[in-house]
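So the structure is just underneath, and the comments pick up after that.
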Amino acid sequence: MSDYSQNNLPSQSTSSFTSVFQETTGETEAATRNLALTIAAAASDRKAGEIILLKVTEVSYLADYFVMVTGYSRVQVRAIAQAIEDKVTEICHRRPLRSEGKAEGSWVVQDYGEVIVHTMLPKEREFYNLEAFWGHGERIEFPASISVGD
């Protein structure tokens with residue numbers, strides 16, 4: 001056991017660190033939510049269906065948000081994924097860390113770190129049923145008329 005205990009630390013520096021951490025965390029949470037909403041808006045612009053945003057911070061270490069959308073053809077799935085990439089690059093100045101499935105066009109996954117996007121054909125979406133699997137996450141309302149990035 002160490003001779004150096006918590007009592008030896010100056011309390012002011014601890015509280016100032018805590019307040020800086022809380023302030024930074026709040027800014028990060030807002031930026032992450034804005035990223036998820038930007039993704040949903042881009043998908044909506046390409047007429048994606050069944051847009052669902054799930055905040056999974058409390059139930060998953062994979063990401064803070066999942067965004068799940070439906071495209072009704074392989075061409076539309078690819079177009080939605082491209083629109084998401086373009087809009088996020090323009091507004092948030094970010095590119096996906098990883099992207100899979102564009103060639104097949106039935107299920108495209110885009111990983112932005114704290115937000116993971118699933119763009120699927122109806123058949124894949126019904127079969128894998130991710131919203132039921134992650135359904136204990138908090139659903140975030142996404143109004144179609146939302147203005148993101150302003």
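No lab work stands behind these numbers, since they all come straight from the coordinates. Just so it is clear, the structure is predicted and the values come from calculations on it, not from any experiment. Note: ideal-geometry Cβ built from the backbone for every residue, glycine included; neighbour counts use all protein chains shown.
How charged is the neighbourhood of His93? Take every other residue with its Cβ under 13 Å from the Cβ of His93, and add Lys/Arg as +1 and Asp/Glu as -1.
0
For the residue pair Lys123 and His136, what label-to-label distance in nm results when each label sits 7 Å from Cα along the Cα-to-beta-carbon direction?
Going from the Lys123 label point to the His136 one covers 3.2 nm.
Quick one: of the DSSP bridges fully inside region 11-140, what percent are antiparallel, nearest 5?
75
If the only charges are +1 at each Lys and Arg Cβ and -1 at each Asp and Glu Cβ, what is the size of the charge dipole of region 11-140 around the Cα centre, to the nearest 20 debye?
That gives a dipole near 440 debye.
Cβ under 14 Å from Tyr72's Cβ, Tyr72 left aside: what net charge do those residues give with Lys, Arg +1 and Asp, Glu -1?
Every neighbour counted, the sum reads +3.
Contour minus end-to-end for Glu100 and Gln82, with contour as 0.36 nm per residue of separation and end-to-end as the Cα-Cα distance?
Extending this stretch completely gives an extra 5.3 nm.
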